[in-house]
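Note sheet for the following structure.
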Amino acid sequence: NELVIALDSIRNRPEKAMELLRSYITQDNHFARYVYEGVNTKYNNFFDELGERYPELTKTDLWICALTVEDYTPSAISLILNFTNMRSVYNRTTNIRRVIGIPNGTGTKTFIKEAINCYTECYDKTEDSPQTPLSGQNENH
């Protein structure tokens, strides 16, 4: 793999390695798309459903949700999405919480995982037409 060869050649230059790694990961957001598609498939297209239910959520917001559920740290999410600083992840997460209606005192990851569990149970019961995963949440949508 060309990335491994390139990283090996700059082994003693960590700043150069990080620059190379960042360019490889963020190249056209390929890695973020790859992770999103895998996580979305893993959870029966939950994140696509989330985006349909809450059209105010951007593609980036949905990627942050998927990466958060898979235990990526804010610093890793910042790197993967090519944000200039980690504060951008916190700002986007605050917006996600507002749009979805996550109550204060409830963690974003916890809330989304509970919604996934509900969605998965509903999906299993009604193969053709799963119920909305966030029923009762923010009924204006």
Of the residues in segment 79-96, those that are out of contact with any Phe, Trp or Tyr (no Cβ under 7 Å at 6 or more places or on another chain) and crowded, with 17+ Cβ neighbours inside 10 Å come to LEU79, PHE83, SER88, ARG92, THR93, ILE96
Restricting attention to segment 105-122, which residues are open to solvent by 30 Å² or more (accessible area, probe 1.4 Å) and either outside any loop (DSSP other than H, G, I, E, B) or in contact with a Cys (Cβ under 8 Å, 6 or more places away or on another chain) (or both)? LYS109, THR110, LYS113, GLU114, ASN117, CYS118, THR120, GLU121
Does ILE102 qualify as being surrounded by 18 or more Cβ atoms within 10 Å (Cβ to Cβ) and part of a helix (DSSP H, G or I)? no
Given ALA76, ALA32, which one is open to solvent by less than 10 Å² (accessible area, probe 1.4 Å) and more than 24 Å from CYS118 (Cβ to Cβ)? ALA32
Can we say LEU57 is under 23 Å from HIS30 (Cα atoms), of a type in the set (A, V, I, L, M, F, W, C) and at pLDDT 95 or above? yes
Scanning segment 36-69 for residues that are under 18 Å from THR94 (Cα atoms) and of a type in the set (S, T, N, Q), which turns out most open to solvent (accessible area, probe 1.4 Å)? THR58
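The values are calculated or read from the model by the stated rules, or taken from the named source; none is laboratory data. Note that the coordinates shown come from a computational prediction; the quantities given were computed from them, not determined experimentally. Glycine gets a Cβ as well: all are built from the backbone with ideal geometry, and neighbour counts include every protein chain shown. Quick note on the areas: whole protein, heavy atoms, side chains included, nothing else; ligands and nucleic acids left out. Shrake-Rupley method; radii C 1.70, N 1.55, O 1.52, S 1.80 Å.
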